[in-house]
Structures are given as structure tokens and as C-alpha cells.
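Here is the structure we will look at.
The values are calculated or read from the model by the stated rules, or taken from the named source; none is laboratory data. Computed from a predicted structure; not experimentally measured. Neighbour counts run over all protein chains shown; Cβ positions are idealised from the backbone, glycine included. With ligands, DNA and RNA removed, areas are computed over all heavy atoms of the protein, side chains included. Shrake-Rupley method; radii C 1.70, N 1.55, O 1.52, S 1.80 Å.
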Amino acid sequence: MIVSVHEYPRQASVVLALSFFSGYLLLKLLLIEYFSTEYLLRVWLLICAMPLLILAYLQNPYKKDKGNLNPINSVRIKSKIIVLLLQFIGIYIYAFSVTQLGLAEYATFVNDLFIAFPIIFILVIGYVYFVDRRLVEPEDEYARIGAMLNKRVSIDTAVLKHFGLKTAVKIVFVPFMYSGFLGNLSILLNSAWQFNADAISLLLFNFGISIDMLIGIFGYLFSSAIINNQIIDTDSNFSGWLFALLCYPPLVWIMRQVNDQQDSLIWSDILPHDSVIFWLMFIIINMTWVIYWLATFEFGMTFSNLSYRRLIDKGVYRYSKHPAYIAKNIYWWL
């Protein structure tokens with residue numbers, strides 16, 4: 001029996017990492033010569049996400065069993081379908097708008113979502129019906145928001161604000177994570193294996209950032225009660241949102257202007273490769289990246305910017321409140 005991915009979030013990250021590397025080896029060694037990269041990247045994403053999604057559902061202790069399903073409530077189900085589809089439409093409109101304005105490069109996400117929307121429409125209907133009958137508490141936020149839209153209940157501003165903030169997090173970060181993840185997968189799939197310091201550092205960086213984004217994608221896309229991975233609370237402070245979004249499109253251009261660099265030199269361009277300081281820098285740089293990677297690992301399924309799902313005090317978080325930020329900053333500085 002596999003250890004619970006709910007009680008031990010690190011296990012969820014292990015499942016994602018194993019799925020990731022299994023997909024990498026399958027595509028790199030067997031399929032890359034027979035299929036286009038664009039097709040293989042989407043297959044790789046499915047290989048990454050599906051095992052943990054299935055496992056999290058099977059291990060979720062807060063779902064009803066087959067013999068005790070909720071009765072069919074067509075009004076509630078229709079309401080949830082409408083609200084969930086509106087979320088997808090909101091994500092698409094945002095991603096399309098910032099791409100057209102040149103504030104972000106989400107063309108991959110926009111095109112994929114547009115092409116897949118008929119399939120998503122069908123999947124949403126099946127998903128909502130399936131989940132609604134199995135939730136211990138089917139009268140969730142989606143049901144309440146749907147009831148407000150249908151004017152069956154009065155407007156509750158607190159519920160709307162809470163739901164709106166969670167939706168805003170998905171709208172901002174899902175396109176970024178999806179586009180960035182597929183971009184990194186393309187780099188990894190097309191990178192030749194080389195054994196020198198520069199190539200190893202770059203490979204570690206791309207593997208690390210890919211798994212980091214994979215954990216993020218899972219956290220944003222699959223924040224569902226059916227796998228016990230729902231968002232508990234969302235940051236409602238303007239300053240919190242501002243400083244977080246300065247690091248991501250579309251506001252990241254402000255940071256790029258502030259941090260504009262006049263050259264493209266990095267540590268390995270400056271230090272002699274046969275010197276002690278070169279190898280010392282090589283070790284420290286890659287160690288800080290591994291620490292950053294381990295910090296993300298501790299989230300399991302629950303990673304999400306500006307959101308709260310659980311308290312983390314294990315692993316590298318035992319020693320620091322922000323090990324990811326400390327390690328990432330040291331990495332970039334060096």
C-alpha cells in the first residue's frame with residue numbers, strides 16, 4: 001500500500017517526480033523519433049499528472065463510497081457546470097488578452113485551450129456529475145455561487161469575495177505555469193546529454209524548474225474536494241498580491257526594467273574552469289537549487305501562490321520560514 005499522499009504531502013511530490021522522469025525516459029528513448037515534439041509534450045503532461053490524480057482520488061477519505069452516493073440534484077449540478085465553465089472562460093480571456101497586448105507569452109496555452117474547449121465542455125459535465133454524487137458536502141462554493149447566479153438565494157458578498165480571490169489565483173497562474181512547463185519540457189526533450197559543469201548545471205536547473213512547475217500546475221488545476229486538495233483561504237491583502245504579481249506576467253516587466261542587465265555573463269564565463277573557486281561555485285550554486293527544489297517538494301499537491309491549504313513545518317521548513325526564497329535568491333545572486 002502506497003503511503004497516503006494526503007497525510008504525507010512529500011509522497012505526492014515523489015509520485016509526480018517519478019511520473020515526470022518516467023515520461024522523460026519514455027519520450028526521449030523511445031518515442032521522440034516517431035512523433036512531433038508538440039504532440040509528445042502534451043502526452044508527457046498527461047503522464048505527469050494522471051497517476052497522482054488517480055491515487056489522490058482513491059486515497060481521499062472524505063468521499064462517499066459507491067453504495068452511498070448522493071441523490072442526483074440536476075439544479076445543483078447545472079449550476080456547478082456553469083460556474084466551472086465560467087472559470088475556464090475567465091482564464092482564457094485573461095491569457096488571450098495579456099498575450100495580445102504583449103505583456104505575456106501564453107500563445108501555447110491560449111491555442112491549446114481553444115482547441116480543447118469542446119472536449120473540456122464534455123469533461124466538465126461528466127466531472128461535475130461524478131464529483132457531486134461523491135462529495136460528503138456537495139453544497140460547496142460552486143453550488144452557492146451557482147445558486148446566486150440563478151437568483152435562488154440572495155447575494156453573499158463574503159462568499160463571492162472568497163471565491164473570486166481563489167478564481168483570480170487560477171486565472172493569473174494557470175496560464176503561466178502551463179506555458180512555462182511546456183516550454184521547459186521542450187528544452188529537456190531536445191537537449192543532448194553532455195557531461196561538463198555548464199551542461200550539468202543547466203540540466204539540473206531545467207529539471208528542477210520543470211518539476212517545480214509541475215507541482216504548481218497540479219496545485220492550481222486540481223484544487224478539488226474530490227481529491228481533498230481544496231484551497232482553504234486566499235490572501236486578501238493588496239500588498240500581498242502586488243509583490244507576488246511583480247514576479248510574474250504581466251507585471252514582471254516592471255522588475256525586468258529595474259533589474260536590467262547590461263551583459264549576459266554568468267559565473268562559468270568568468271571563472272577559470274580548472275580553478276578551485278570554479279568548482280566551489282559549481283557545488284554551492286547547485287546545492288542552493290536543490291534546496292529550493294526540496295522546498296517545493298514539501299508542498300505535495302498543495303502548492304499555490306497567495307493561498308493557504310496547510311501549514312508546512314517539515315524538511316527544509318524546519319529550519320526556515322522561507323527556505324525556497326532564501327535558496328533561490330542565493331542561486332540567482334551567485
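Kindly indicate whether any position in the range 280-292 is of a type in the set (S, T, N, Q) and assigned to a loop (DSSP other than H, G, I, E, B).
Scanning the range 280-292, I find no residue that is of a type in the set (S, T, N, Q) and assigned to a loop (DSSP other than H, G, I, E, B), so the answer is no.
Which members of the range 121-161 meet the condition of being over 22 Å from Asn60 (Cα atoms), in a helix (DSSP H, G or I), out of contact with any helix residue (DSSP H, G or I) (no Cβ under 6 Å at 6 or more places or on another chain) and without any contact (Cβ under 8 Å) to a residue 40 or more places away in the chain?
Phe121, Ile122, Met148, Thr157, Ala158, Leu160
Quick check, is Leu182 touching a Cys at 6+ places or on another chain (Cβ under 7 Å), within 24 Å of Phe88 (Cα to Cα) and either open to solvent by less than 40 Å² (accessible area, probe 1.4 Å) or at pLDDT below 95 (or both)?
No; evaluated as a whole, the condition is false for this residue.
From the residues in the range 136-153 that are under 27 Å from Ser307 (Cβ atoms) and of a type outside the set (A, V, I, L, M), which one is surrounded by the fewest Cβ atoms within 10 Å (Cβ to Cβ)?
Step by step, filter the range 136-153, then rank; the result is Glu137.
Being more than 26 Å from Phe238 (Cβ to Cβ), among the aliphatic types (A, V, I, L, M) and part of a helix (DSSP H, G or I) is the filter here; which residues of the range 296-332 pass it?
Val316, Ala327, Ile330 - these are the residues of the range 296-332 that are more than 26 Å from Phe238 (Cβ to Cβ), among the aliphatic types (A, V, I, L, M) and part of a helix (DSSP H, G or I).
Restricting to the range 55-67, and then to whatever is modelled with pLDDT of 90 or more and open to solvent by less than 90 Å² (accessible area, probe 1.4 Å), can you tell me which residue is farthest from the chain's Cα centre (by Cα)?
Lys64
So which of Ile215, Ile211, Ile231 is farther than 29 Å from Pro272 by Cβ and not in a helix (DSSP H, G or I)? Steps first, please.
Working: Ile215 fails: not in a helix (DSSP H, G or I); Ile211 fails: not in a helix (DSSP H, G or I).
Answer to the selection: Ile231.
Restricting the range 92-135 to residues that are hydroxyl-bearing (Ser, Thr, Tyr) and touching a Ser or Thr at 6+ places or on another chain (Cβ under 6 Å), which is surrounded by the most Cβ atoms within 10 Å (Cβ to Cβ)?
Going residue by residue through the range 92-135, those that are hydroxyl-bearing (Ser, Thr, Tyr) are 92, 94, 97, 99, 106, 108, 127, 129.
In the following step, the residues that additionally are touching a Ser or Thr at 6+ places or on another chain (Cβ under 6 Å) were identified as 106, 108.
Details: Tyr106: 27, Thr108: 20.
If we take residues in the range 92-135 being hydroxyl-bearing (Ser, Thr, Tyr) and touching a Ser or Thr at 6+ places or on another chain (Cβ under 6 Å), then Tyr106 is surrounded by the most Cβ atoms within 10 Å (Cβ to Cβ).
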